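Below is one structure; the comments refer to it alone.
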Amino acid sequence: GENVEQHPSTLSVQEGDSAVIKCTYSDSASNYFPWYKQELGKRPQLIIDIRSNVGEKKDQRIAVTLNKTAKHFSLHITETQPEDSAVYFCAGLSNDYKLSFGAGTTVTVRA
Amino acid sequence: ETGVTQTPRHLVMGMTNKKSLKCEQHLGHNAMYWYKQSAKKPLELMFVYNFKEQTENNSVPSRFSPECPNSSHLFLHLHTLQPEDSALYLCASSQDLGVGNYGYTFGSGTRLTVV
């Protein structure tokens, strides 16, 4: 099955700076990689995703890059704001339809 | 709350109690999932249902018993739990299983404490 590793586990950034979270996956057959944001006491919510036939995708201040050869993908948040503070989870969907999650990154944006 | 609704939001139960968690979605999704979320660990897939048929039991102890009476409702029956079962239990749904399935919708979870 798929094994997704996520780094770092915690990330503190100054407001306005960029934040980068990296994930690696083990199953080369995985073809879909979503990122979820979970604010304290709330449900995980999909913020961006990327498919294996695309190398990069951007949505306003967030972007995701995928390197299929190296089997890693990253989340980039630019111009961070206090409301970006949350736990972020990466995940990979393999051909057996199971979504495997990373352990999460707690992002704190300092005002 | 729209999308996927879970009840109760919080539950405290003794090790000899029997309780049930409920998940409901009216998104027209055909697949539903139970995940366990513990601190500092990845979300752990517990059960998968597709068109109300169980397709995955991820080596979950028998003290957790799922039930899916229809595609819109999913239950997790709990009995004789252990303190280490304390966690946030998340329900999710998706349109379908397989590579054509993009995006899970999560519920807000049930925070379970076993005392």
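Extension gain, B:Arg9-B:Lys41: 0.36 nm per intervening residue step, less the Cα-Cα distance, totals 9.5 nm. Given +1 at the Cβ of Lys and Arg, -1 at the Cβ of Asp and Glu and no other charges, the dipole of chain B around its Cα centre is 380 debye to the nearest 20. What the Cβ-Cβ distance of B:Gln54 and A:Lys58 gives, at R0 = 45 Å and to the nearest 0.05, is a FRET efficiency of 0.70. Scattering from the C-alpha atoms of segment A:72-111 alone, worked out with Debye: what is log10 I(q)/I(0) at q = 0.24 1/Å? Cα-only, vacuum Debye calculation for segment A:72-111: -0.85.
Working note: Cα gyration tensor of segment B:2-91, eigenvalues times five, square-rooted, sorted largest first, giving semi-axes of 21, 14, 13 Å. Element breakdown for segment B:1-95 at a 1.4 angstrom probe: carbon and sulfur atoms account for 50% of the accessible area.
A Cβ-based charge dipole, computed about the Cα centre of chain A with Lys and Arg at +1 and Asp and Glu at -1, lands at about 160 debye. Build a GNM of chain A with springs between Cα atoms under 10 Å apart, and of A:Gln14, A:Gln60, A:Gln81 the one that fluctuates most is A:Gln60.
With the convex hull drawn around the C-alpha atoms of the protein assembly as shown, the volume per residue stands at 119 Å³.
If you take every DSSP beta bridge whose two residues both sit in the protein assembly as shown, what share of them, in percent to the nearest 5, is antiparallel? Of those bridges, close to 90 percent are antiparallel.
Once Rg and the Kirkwood radius are both taken over the C-alpha atoms of chain A, their ratio Rg/Rh works out to 0.96. Spin-label pair A:Lys68-A:Ser26: with each label point 7 Å from Cα along the Cα-Cβ axis, the two points sit 2.2 nm from one another. Compared with the direct C-alpha span, the chain from A:Asp17 to A:Gln45 gains 7.8 nm at full extension, assuming 0.36 nm per residue. Given labels modelled 7 Å from the Cα in the Cβ direction, how far is it in nm from B:Asn17 to B:Arg63? Going by the 7 Å Cα→Cβ label model, 1.4 nm. Using 0.36 nm per residue and subtracting the Cα-Cα separation, the extra length available between A:Asn95 and A:Ala111 on full extension is 1.5 nm.
The values are calculated or read from the model by the stated rules, or taken from the named source; none is laboratory data. Everything quoted here is computed from the prediction, not taken from an experiment. Note that each Cβ is placed from the backbone with ideal geometry, even for glycine, and that neighbours are counted across all protein chains shown. Keep in mind that these areas ignore ligands, DNA and RNA; they rest on the heavy atoms of the full protein, side chains included. Shrake-Rupley method; radii C 1.70, N 1.55, O 1.52, S 1.80 Å.
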